[in-house]
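The values are calculated or read from the model by the stated rules, or taken from the named source; none is laboratory data. Note that the structure is a prediction, hence the values are computed from the model and not measured. FYI the Cβ positions are ideal-geometry reconstructions off the backbone, even for glycines, and counts take in every protein chain you see. Note: areas computed on protein heavy atoms with side chains; ligands, DNA, RNA excluded. Shrake-Rupley method; radii C 1.70, N 1.55, O 1.52, S 1.80 Å.
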Amino acid sequence: MPETGQNSKPNQHVGAPMPSGVFDSILLKHMWGTDELRAVFCDENRVQKWYDYEAALALAQAELGIVPTAAAAEIARKAKVGNVDLEAIAAEIRRTKHPLVGALRALQAICDGDHGEYLHFGPTTQDVLDTGTMLQIKEAHAVFMRDLQDIGRELYRLAERYKNTPMAGRTHAVQALPITFGHKCAIWLAETGRNHERMKQLEKRVFVGSLVGAVGTQASFGASAFELDGKVMARLGLGVADISWQPARDRLVEYVGVLGLIGGGLAKIANEIIVLAHTVIDELAEPFNEGKVGSSTMPHKRNPSTCEGIVAVGRTLRSTVALMHDALMQEHERDASTWRFEWKALPEACLMTGAILAQMKDVLAGLEVHSDKMRHNLDALGGFLMSERVMFALADKVGKQTAHEVVYDASMRGFAQGKTFEQALMDHPRVEGALATEELKSLLDPTTYVGLAPAIVDRVLAETRASGWIKSL
């Protein structure tokens with residue numbers, strides 16, 4: 001048998017459960033999620049949320065005289081995931097082919113006397129799992145809102161600091177007109193602010209629980225169903241749904257859709273950093289830390305690896321948004337075939353969003369801005385970047401349409417003959433007599449043609465402060 005290495009132990013993991021996907025991979029999980037979000041969506045917290053629901057239900061039912069007070073107290077006291085064996089529950093799930101019964105039996109078994117008989121007194125499985133999922137998402141939501149504020153704070157700082165720093169604006173991937181880097185950052189800031197606003201607006205609409213029973217009619221809860229629903233959700237910190245949402249998954253689809261907007265917007269920023277870090281542009285660079293390696297064979301490389309990871313995760317998140325839209329296709333009053341893939345899509349969407357937010361915070365906090373290269377690149381076209389400005393100045397003398405034709409003709413001749421824009425213009429008979437040499441030189445200064453970019457940045461910063469969505473500005 002060939003040796004695999006002096007210290008290798010090829011069979012050391014045989015029989016032991018090992019992660020097999022990127023979200024739990026020892027090697028890759030840092031790219032696809034965070035420990036904080038994994039703790040929210042781990043099995044322990046998932047089962048705990050089920051037990052939180054059962055405890056809240058029992059205690060509320062005791063208040064209304066539906067179940068004995070002692071039984072409710074015992075259920076609530078024992079409803080801790082640390083009191084049960086998750087592996088045994090998993091074995092029951094596999095044996096019964098049911099996602100909840102094993103957890104209910106485990107809790108009932110540790111309740112004293114016959115108190116466990118009053119566990120799960122009326123709800124259906126989806127009531128418990130949907131509400132538990134909503135509690136998990138609400139925990140994740142607090143993380144997202146915190147991180148969005150942190151990113152907003154960094155974008156605010158960059159927009160304010162670089163509002164007057166000129167750079168080439170680009171359309172269709174090529175240079176167009178001068179802008180400022182602060183203006184670019186202010187666009188990112190405004191977009192992030194809108195996504196924060198979307199997240200705030202959906203909270204009341206999305207964060208509701210479920211206590212509707214098998215087909216949504218609350219028949220198993222009797223005449224006190226409405227009052228019971230209110231008490232249970234108050235204990236859990238959720239709103240009361242106006243009607244069953246078991247066959248109407250728009251709340252969760254909406255939530256993941258907004259996560260897709262967040263992830264897509266931040267992935268766009270990451271991609272922009274990658275593009276502006278190209279060697280021939282070199283206007284931005286993601287942070288570099290001691291020990292970071294760009295290549296196993298080219299020691300000099302400083303690759304935008306963090307931004308590349310953000311782009312990859314952002315594009316994957318977009319596919320998860322599409323998957324969640326399939327959850328809208330429910331049949332009748334409940335449909336487990338589409339419900340089940342929410343168990344995959346929802347946690348993964350949250351994990352990916354958390355990873356994007358955490359990594360983008362670090363990138364923006366340490367972003368390298370090469371103002372000198374931005375200024376240098378403004379001259380890369382030999383002055384042709386200023387064609388619009390010259391055209392409007394010439395329009396005062398010959399008319400706008402004629403000015404466009406004249407500047408177009410001079411530009412195309414200049415490109416073909418390898419001339420600068422100034423040379424091409426001065427060689428054109430319609431320009432030579434219309435614009436003086438000094439006036440033309442002034443018109444060709446790109447740093448003085450950034451439009452209202454600084455004022456626009458100031459407006460965005462003022463609106464951001466007034467909205468109050470970023471704390472401690």
(request) Using per-residue counts of other Cβ atoms within 10 Å, averaged over each peptide, order 319-329, 47-57 from highest down. (result) 47-57, 319-329
(message) With every protein chain kept in place and ligands, DNA and RNA left out, what is the accessible area per residue of the chain? Probe 1.4 Å, answer in Å².
(response) 49 Å²
(request) Please report, in cubic angstrom per residue, the volume enclosed by the convex hull of the alpha-carbon atoms of the stretch 187-265. (result) 86 Å³
(message) 5 Å is the cut-off here: which amide hydrogens, built 1.01 Å from N in the peptide plane, fall below it relative to V67, excluding neighbours closer than 5 in sequence?
(response) A62
(message) List the residues, sorted by chain then number, that are 5 or more residues from A176 or on another chain and whose placed amide H is less than 5 Å from its amide H.
(response) G169, R170, T171
(request) Leaving ligands, DNA and RNA out of it, work out the accessible area of V215 with a 1.4 Å probe and give it in Å² to the nearest 10. (result) 80 Å²
(request) Under 19 Å from a label point 7 Å along Cα→Cβ of R315: give me every residue in the stretch 251-274 with its amide N that close. (result) 260-274
(request) Starting from the Cα gyration tensor of the stretch 209-354, multiply each eigenvalue by 5, take the square root, and state the resulting semi-axes largest first in whole Å. (result) 47, 15, 12
(request) Tabulate in residue order the Karplus-calculated ³J(HN,Hα) for the stretch 87-100, using 6.51 cos²θ - 1.76 cosθ + 1.60 with θ = phi - 60°, rounded to whole Hz; enter x for Gly and Pro. (result) 5, 5, 5, 4, 5, 5, 4, 5, 6, 8, 6, 10, x, 10
(message) Nearest 10 degrees is fine. How inclined is helix 336-365 to the longest principal axis of the chain, computing both from alpha carbons?
(response) 40 degrees
(message) Give me, ordered by chain and number, the residues 5 or more places off G239 or on other chains with an amide H under 5 Å from its own placed amide H.
(response) V208, G209
(message) Taking R0 as 51 Å, what FRET efficiency do you get between L28 and D112 from their Cβ-Cβ distance, rounded to the nearest 0.05?
(response) 0.65
(message) With angles folded into 0 to 90 degrees, how steeply does helix 69-78 sit against the dominant principal axis of the chain? Use alpha carbons for both and round to 10.
(response) 50 degrees
(request) Can you check what the Kirkwood hydrodynamic radius comes to for the stretch 98-176, Cα pairs only, in Å to one decimal? (result) 18.0 Å
(message) Beyond a 25 Å Cα-Cα separation, which of these cross-linked pairs lie in this structure: K163/K292; K200/K471; K29/K344; K138/K231; K29/K200; K29/K80?
(response) K163/K292; K29/K200; K29/K80
(request) For the stretch 394-473, give the percent of accessible area contributed by carbon and sulfur heavy atoms, probe 1.4 Å, rounded to a whole number. (result) 52 percent
(request) Please identify every one of the chymotrypsin sites (Phe, Trp or Tyr not before Pro) in the stretch 187-289 that sits in a loop by DSSP and has no more than 15 other beta carbons within 10 Å of its own beta carbon. (result) F288
(request) Find how many whole Å separate the alpha carbon centroid of the stretch 154-222 from the alpha carbon centroid of the stretch 129-149. (result) 17 Å
(request) Would you please put 114-127, 435-448 in order of how densely packed they are, using the mean number of other Cβ atoms within 10 angstrom per residue and starting with the highest? (result) 114-127, 435-448
(request) Would you mind computing Rg(Cα) / (2.2 N^0.38 Å) for the chain, counting N as its residues? (result) 1.33
